[in-house]
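Some notes on the structure that comes next.
The values are calculated or read from the model by the stated rules, or taken from the named source; none is laboratory data. Quantities reported herein were computed from a predicted structural model and do not represent experimental measurements. Don't worry about glycine lacking a Cβ; one is built from the backbone with ideal geometry, like all the others, and counts go over all protein chains shown. Accessible surface areas use protein heavy atoms only, side chains included; no ligands, DNA or RNA. Shrake-Rupley method; radii C 1.70, N 1.55, O 1.52, S 1.80 Å.
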Amino acid sequence: MKYYVMTLFPEMIEEGMNTSILGRAMKEGLIELETKNIRDYTLDKHLKVDDYPYGGGAGMVMEAEPVYRCYEAICSEAGEIPRVVYLTPQGSVFHQEMAKELAAEENIIFLCGHYEGIDERVLEEIVTDNVSIGDYVLTGGELPAMVMMDAIARLVPGVLNNEDSVETESFSEGLLEYPQYTRPTEILGREVPEVLLSGHHENIRKWRQEQSEQRTRDRRPDLYKKWLEENL
Ligand code: 6GU
């Protein structure tokens, strides 16, 4: 799977993605990333990519032309017309099911805006998915694009070193994870729950399931309600 990111800050994306699990996945060729600097596609001799908003108001608006020329270059390179995800607080809020759906795509283009946004006409022309990562305002789409790429990449087979961790996760789907412990058996005056030391796999499974349910009910009553409805 290949991600293309259209941005004015390609180094921000590259720096963020070249580390940790995703960095390894890219070295192993499991996922590919290509950032495109929108500024490289302007025809303006001063490399300008933004202008004042028609109708007035604060801030600058990213021009349609460099964004569209950048998009066309990516489509030619990809040999298809990929989905274009525009990162915007006005989009649908990103969730796990969306990550699953996007993990099946061959190519995805992420379009990162800045300033007061992008000329609406190019958005109408190219954007297939408007996506937000939550109800708060960020300065640009780069961090949201990285959040989405992380969530999608970990669903690509081979990206997680732990073979069954995606599997386990979907087993208890809709619930929060149970608590984890490692050595020593006692620290800060607190013991590891007895059952985890028992070697009794069925009891351990039951305990973890109960912990997941309790935790979801206490911390995310919204998710718990949904889980109950789906598991009646
Ligand atoms: Cl996708 N973009 C910006 N600028 N702010 C956000 C967001 C996206 N999602 C939440 N806040």
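Using a 1.4 Å probe over the heavy atoms of the protein chains, calculate the carbon and sulfur portion of the accessible area of region 39-195 as a whole percent. Answer for region 39-195 is 50 percent, counting heavy atoms of protein chains only. Amide H to amide H distances under 5 Å link G113 with L87, G141, where only residues 5 or more positions off or on other chains count and H is placed in the peptide plane.
Dipole magnitude for region 1-83: computed about the Cα centre from +1 point charges on Lys and Arg Cβ and -1 point charges on Asp and Glu Cβ, it is near 120 debye. The 3J(HN,Hα) values that the Karplus relation (6.51, -1.76, 1.60; θ = phi - 60°) gives for region 67-72 are, in residue order, 5, 5, 5, 5, 4, 4 Hz. Gly and Pro appear as x. Over the C-alpha trace of region 18-64, radius of gyration and Dmax come out as 17.5, 50 angstrom.
So what is the relative contact order of the chain, in percent, for Cα pairs below 8 Å that sit 6 or more residues apart?
That works out to 20 percent.
Sorted from longest to shortest, the spans of the Cα atoms of region 112-154 along the three principal axes equal 33, 21, 15 Å.
State the dimensionless ratio Rg/Rh of region 132-232 (Rg: radius of gyration of Cα atoms; Rh: Kirkwood radius).
1.04
Taking the charge dipole of region 55-153 about its Cα centre, with +1 at Lys and Arg Cβ atoms and -1 at Asp and Glu Cβ atoms, the residue from L143, I126, S92 reaching farthest to the positive side is L143. Cross-link reach is defined here as a Cα-Cα straight distance under 29 Å, omitting same-chain residues fewer than 8 places apart; for K45 the lysines meeting it are K36.
Put simply, when 188-197, 120-129, 59-68 are sorted by average Cβ atoms within 10 angstrom per residue, most first, you get 59-68, 120-129, 188-197. Solvent-accessible surface of the chain, taken per residue with a 1.4 Å probe and all protein chains present: 62 Å².
Overall, region 44-108 carries a charge dipole of about 180 debye about its Cα centre when +1 sits on the Cβ of Lys and Arg and -1 on the Cβ of Asp and Glu, all other atoms neutral. Going by accessible surface with a 1.4 Å probe and the largest first, V137, V166 read V137, V166.
Pairs from the list K100/K226; K100/K225; K2/K206; K27/K226 with a Cα-Cα gap above 28 Å: K2/K206; K27/K226.
Ranking E116, E177 by solvent-accessible area of protein heavy atoms (1.4 Å probe, all protein chains present), from largest to smallest, gives E116, E177.
Around the Cα centre of the chain, unit charges on the Cβ atoms of Lys, Arg, Asp and Glu (plus for the first two, minus for the last two) sum to a dipole of about 660 debye. For region 126-139, backbone phi angles converted through the Karplus equation (6.51, -1.76, 1.60; θ = phi - 60°) give residue-by-residue couplings of 10, 6, 9, 9, 9, 10, 10, 9, x, 8, 7, 10, 10, 7 Hz, Gly and Pro being listed as x. Thinking of region 1-144 as a set of Cα atoms, what percent of all their pairs are more than 26 Å apart? It works out to 22 percent of all Cα pairs.
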